[in-house]
Amino acid sequence: MKKISLLFRILCGLGKSVYINFKVLPFLQAIKLPILVSYQTRIYGISKKTIEINVPKIRTGMISIGIFERSDGIMGPKHCYFGTDQSSKIIFEGDFAMVYGGCLKASGSGVLKIGDKVTFNTHSKVLCSHKICIGNNVRFGWDTTLKDGDGHPIKNEEGEIINSPKSIIVGNNVWVGAEVTLLKGARIPNGSIVGYRSLVTKRFDEDNVIIAGSPAKIMKQNITWSDK
């Protein structure tokens, strides 16, 4: 049944997928249809200037947005958002999947770089207005949020902006649990886990740790995890 449902979403979104590929990619990449989106994916502002696939070999469907189903029992909207403005950029460096209900957005000169084998479960939001870098083999649970700015500038009495955006860095082989929020300045080290509903607002440098809490702190060291 799930395979039939998956095929249905691919076929229903085929026209939109063809349109997106030829709109944002060079012809020799576009004909391979590396980007598949559901018909419920809302597209804003993307162009050849703002979307890049940087891999040695392009494959059909290596990037999917709104195609795969969410975890069993998780309900909510199925629409996805995939958008940029003309001053920002999203760079894919390998396989990527965002389950339906998610948002992938770069704006305000932001650069969003996504590594290989990165997945987001449903209702996740990536809002980049400065710089967000996600490594390889990273798993995000449902309803996670990455946001590298505050959305509105705050000025002091001298008129100086006091809440400038800061980069978010997620290392390789990282598992980010459900309902986690990574805000500006967050850094998740290689081989680490971020626990359920954690709020991360600062840099962590020690690899292979469990980070949890609000605000988050290191709970365990020298851990390993596997997605198998």
Using only Cα atoms, tell me the angle between helix 2-12 and the longest principal axis of the chain; keep it within 0 to 90° and round to the nearest 10. 70
Most to least accessible of 9, 139 (protein chains only, probe 1.4 Å): 139, 9
22, 204, ranked by accessible area, largest first (probe 1.4 Å): 22, 204
How big is the charge dipole of region 143-209 about its Cα centre, in debye rounded to the nearest 20, if each Lys and Arg gets +1 on its Cβ and each Asp and Glu gets -1 on its Cβ? 100
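Please give the per residue accessible area of the chain, computed with a probe of 1.4 Å over protein heavy atoms only, in Å².
About 50 Å² of surface per residue is accessible.
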Report the charge-dipole magnitude of the chain in Debye, nearest 20, computed about the Cα centre from +1 at each Lys and Arg Cβ and -1 at each Asp and Glu Cβ. 640
Whenever you get a sec, line up 81, 44 from highest to lowest accessible area (probe 1.4 Å, protein heavy atoms). 44, 81
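Convert 10 °C to kelvin, take the viscosity as 1.306 mPa s, use the Kirkwood radius over C-alpha pairs of region 85-228 as Rh, and evaluate the Stokes-Einstein diffusion coefficient in µm²/s, rounded to a whole number.
It diffuses with D of about 104 µm²/s by this estimate.
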Region 126-181: equivalent-ellipsoid semi-axes (sqrt of 5 x gyration tensor eigenvalues, Cα, Å): 28, 12, 7
When the chain is modelled as a GNM with alpha-carbon springs shorter than 10 Å, which of 90, 132, 162 fluctuates the most? 162
If a paramagnetic tag sat 7 Å from the Cα of residue 179 along the Cα-Cβ line, which residues of region 101-133 would have the backbone N under 20 Å from that point? 101-103, 120-126
What residue among 180, 137, 53 has its Cα farthest toward the positive end of the dipole of the chain, where the charges are +1 on Lys, Arg and -1 on Asp, Glu, each on the Cβ? 53
At a 1.4 Å probe, what is the % contribution of carbon and sulfur to the accessible area of the chain? 56
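Across region 133-228, how many lysine pairs, 8 or more apart or on two chains, come within less than 13 Å at their alpha-carbon atoms?
Within region 133-228, the lysine pair count is 7.
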Can you give the accessible area of residue 142 in Å² (nearest 10), computed on protein heavy atoms with a 1.4 Å probe? 80
Which of 199, 127, 11 sits farthest toward the positive end of the charge dipole of the chain, with +1 on the Cβ of Lys and Arg and -1 on the Cβ of Asp and Glu? 11
Between helix 14-24 and the chain: long-axis angle, C-alpha atoms, 0 to 90°, nearest 10: 60
Let me check I've understood the local charge: for residue 203, count other residues with C-beta under 12 angstrom from its C-beta, Lys and Arg +1, Asp and Glu -1. What total comes out? +2
Convert 37 °C to kelvin, take the viscosity as 0.692 mPa s, use the Kirkwood radius over C-alpha pairs of region 15-154 as Rh, and evaluate the Stokes-Einstein diffusion coefficient in µm²/s, rounded to a whole number. 220
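The values are calculated or read from the model by the stated rules, or taken from the named source; none is laboratory data. In this text the structure is predicted, and so the values were computed from the model without any measurement. Neighbour counts run over all protein chains shown; Cβ positions are idealised from the backbone, glycine included. Areas reflect the complete protein model, heavy atoms only, side chains present, ligands, DNA and RNA absent. Shrake-Rupley method; radii C 1.70, N 1.55, O 1.52, S 1.80 Å.
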